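Derivation of every value follows stated rules applied to the coordinates shown; laboratory data play no part. Model, not experiment: these values are computed from the prediction. Every residue, glycine as well, gets a Cβ built from its backbone with ideal geometry; the counts of neighbours run over all protein chains shown.
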Amino acid sequence: MDGPGGTQGAGAPPRPTRYSLAMARDLQERIKKLIIDRRLPSGASLPTEPELMELLGASRNSVREALKALQAMGIVEIRHGFGTYVGPMSMAPMIEGLAFRTVAGHYRGEDSLVQLLELREALETGLISRLAGRIPEADLVELDALVDRMESQAAEGAGLAETDRAFHATLYRGLGNLLLGEVLEAFWDAFHRVRTDLVEPPQDPKVTCRQHREILDAVRTGDARRAEDAIREHFGHIRTRLTVTAPHETISPPN
């Protein structure tokens, strides 16, 4: 506890000041700038600690703390005994943060799950018209097979989540946008990890299959408006299910 006058008691660790936090963030930004300026790809070796200390004019402890913070973001990878390397630049930290924020918000009575759904819906609705009539034949064959598999799984009473996920990934693959693929995967992962912790009325699997068949038929025939309507119907049905459990209702958090 603080002593008289607000000073810390003996043995207590020093509290980070606003100045020290600003310095730490500045050091992280300078390391990120170094990676960008040198055009270092994932897996490339970073300068050694002594070299970073000299380049940045910072102490060993400050450099180490900055690298640890960047490692938590996936920007760098520290391999003890070998050195520090540019990280995989994955979306994993965003997925973790997005999922946690959504779950925490939901159990605080917020409509965070619906907000997450709206973000994904906006992305897919905005993209689907670009695909209408332009999906390669090989992808159409694969999409047909995925919808067929969904229908078989529905008839057997099996879950459709993984096949549904593969359908959407295959649908947008033809755009050739790797970043888009990662962003959609991030939203999908976060949304479905959150859903496993919630009590929802199950969706009729036949409805899910029909909606995906409608999306596929629309993009195959090149009908952009019909494709957008099909996507909206798909997400609208999910939204209806999510709002059955109102945010203000008391929900027991998952174990």
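Quick look at the numbers
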quantity: With 10 Å bins from 0: P(r) over the range 23-108, alpha-carbon pairs, percent; calculated: 17, 46, 23, 11, 3
quantity: Partner lysines for Lys68 [C-alpha distance under 25 Å; skip if fewer than 8 residues away on the same chain]; calculated: Lys32, Lys33
quantity: Contour excess over end-to-end distance, with Cα ends at Thr240 and Gln71 and 0.36 nm allotted per residue; calculated: 56.9 nm
quantity: Peptides 25-36, 161-172 ordered by average Cβ neighbours within 10 Å, highest first; calculated: 161-172, 25-36
quantity: Three-way shape label, the range 37-156, alpha-carbon gyration tensor, a/c 1.5; calculated: prolate
quantity: Met23-Ala155 FRET efficiency (beta carbon distance; Förster radius 51 Å; 0.05 resolution); calculated: 0.25
quantity: 10 °C / 1.306 mPa s Stokes-Einstein diffusion coefficient of the range 99-214, Kirkwood radius on C-alpha pairs, µm²/s; calculated: 103 µm²/s
quantity: Low-density loop positions, trypsin sites (Lys or Arg not before Pro), the range 60-157 - DSSP coil, at most 13 other Cβ in 10 Å; calculated: Arg108, Arg134
quantity: Virtual spin-label span in nm between Glu110 and Ser59, 7 Å along Cα→Cβ; calculated: 3.7 nm
